[in-house]
Amino acid sequence: MEKLSTKEFQKQLGRVEELIAALEGVPNPAVRAQISELIQTVLDLHGTGLERILSVVYDSGAGGAAMIDQLGQDRLVSGLLLLHGLHPLDLEARVRKALEEVKPRLGLHGGSVEFVSVTDEGAVRIKLEGNCSGCPSSRVTLHSTIEEELYAAAPDITSLEVDGAVDALAPLHAQAAPAFTECPLPVGTGIEPATAGGNP
């Protein structure tokens, strides 16, 4: 069986949503009800099966819990576990982990990001620090680096509030801000900003 990439998996999920939306537009209410029941029944069957698999893995021995954690870190499997409410990590833990993943990239330019809070409704608040706080390119940084990582790890985020971002709520326009690589580097690093041609 051909291995499905995360990108292809997400594309197929999007197609499934399109098909469901189209079916929900069927004018006959009785048919719509049957379609909804069919979809929910299939989801329940899959969810029950996945829950049973996780239970067997967990009870298999000392490495069972570690295996479940490893499955939760796989982007494709993680999405399925979230869909059925079976992910081993809660929203806050997944957000914190995603922020730790992007910190090294932000640190190359003297910036950082910190977790602030998450509500029961799924609203997340983070804070940009260092050179990324107030930087004109922070909106680009937020979109291309932080947001992508957060929503990949935690698609159940309902809203994202960012302290320290310039025009964080404004639409993203790539030409309106310099590229992230043009963010000022921290003073004293001895590293010069890269030029357009890549030469000193």
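The values are calculated or read from the model by the stated rules, or taken from the named source; none is laboratory data. Since we're looking at a predicted model, the values are computed, not measured. As a convention, Cβ positions derive from the backbone with ideal geometry for all residues, glycine included, and neighbour counts pool all protein chains shown.
Descriptive notes on the structure:
- Unmet criterion (only one of (1) within 30 Å of Asp163 (Cβ to Cβ); (2) of a type in the set (Gly, Ala, Ser); (3) in a loop (DSSP other than H, G, I, E, B)) for Ser117: (3)
- The conditions of being out of contact with any Asp or Glu (no Cβ under 7 Å at 6 or more places or on another chain) and at pLDDT 85 or above are met by Leu89.
- In the set Val56, Val16, only one residue is modelled with pLDDT under 90, assigned to a helix (DSSP H, G or I) and not assigned by TED's automatic domain parsing to the domain that holds Lys127; that residue is Val16.
- Among the numbered conditions (1) under 21 Å from Phe9 (Cβ atoms); (2) modelled with pLDDT of 90 or more; (3) not hydrophobic (A, V, I, L, M, F, W, C), the only one that Gly64 does not meet is (1).
- The residues of segment 8-48 that are under 25 Å from the mean Cα position of the chain (by Cα), small (Gly, Ala, Ser) and exposed (fewer than 11 other Cβ atoms within 10 Å of the Cβ), listed by number, are Gly14, Ala21.
- Flag if Ala33 is farther than 26 Å from Ala98 by Cβ and out of contact with any Lys or Arg (no Cβ under 9 Å at 6 or more places or on another chain): yes
- There is at least one residue in segment 103-123 that is modelled with pLDDT of 80 or more, among the hydroxyl-bearing types (Ser, Thr, Tyr) and farther than 24 Å from Leu82 by Cβ.
Condition check ((1) over 22 Å from Glu24 (Cα atoms); (2) of a type outside the set (Val, Ile, Thr); (3) outside the structural domain of Ala153 (by TED's automatic domain parsing); (4) free of Cβ contacts under 8 Å to residues at least 24 places away in the same chain) across all residues:
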| position | (1), (2), (3), (4) |
| --- | --- |
| Ser36 | no, yes, yes, yes |
| Val42 | no, no, yes, yes |
| Asp69 | yes, yes, yes, yes |
| Arg75 | yes, yes, yes, no |
